[in-house]
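Chemist: Take this structure, written in structure tokens, and hold onto it; I'll ask about it next.
The values are calculated or read from the model by the stated rules, or taken from the named source; none is laboratory data. The model shown is predicted, which means the values in this text are computed figures rather than measured ones. Note that we place each Cβ from the backbone using ideal geometry, even for glycine, and neighbour counts take in every protein chain shown. What goes into the accessible areas is simple: the full protein's heavy atoms, side chains included, and nothing from ligands, DNA or RNA. Shrake-Rupley method; radii C 1.70, N 1.55, O 1.52, S 1.80 Å.
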Amino acid sequence: MKKTSLANESTLICLAKAGDLDAFNQIVLAYQDRLFNIAFYLLHSQESAADAVQNAIIKSYRSLQSFRGGPFYPWLVRILKNGCIDELRHRKRYPAVPLEPLTKEDDPVEDATWLEDYSTEPAHICELRELSRTIFESIRRIPSEYQLPLVLVDIEGMDF
């Protein structure tokens, strides 16, 4: 992951506010993977997480003039979190019926991993998927108001 220093980030933000799209892109590239991880743990879907990150980046660019300074990442996380909450509210109001095949527990298959070719090191890939699935399901079981702090502190390594 590419990190930007606070001084460099401030310079890039000033340039972005002046209309330099490349400066804004540099900031986004530094944080997009971390933002995706947060969105994925909140929304439990790769597609929804990718959409949420994209929407947060677009919204942050459009409202860049209202950014008052300081670290940019927490501001982006706030925009992303609000977008994820809106998405979760929308899902609750308008539940979708999945068209994917069901697992043994009658849950929809969340991705097309059953179609992927694991010809290289299948045991290692299986172990990683099992660990990832266990972490994902554990986070899903805790109350939603504790999911974001857990992801931000324990997975993203942010301070309290």
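Chemist: Sorted by packing (mean other beta-carbon atoms within 10 Å per residue), highest first, where do 129-138, 57-66, 81-90 land?
Modeler: 81-90, 57-66, 129-138
Chemist: For Lys17, what accessible area in Å² do you get when you roll a 1.4 Å probe over the heavy atoms of the protein chains, rounding to the nearest 10?
Modeler: 70 Å²
Chemist: Follow-up question, since we're still on this one. Put a dot 7 Å past each Cα toward the Cβ at Glu137 and Ser45; how far apart are the dots in nm?
Modeler: 2.1 nm
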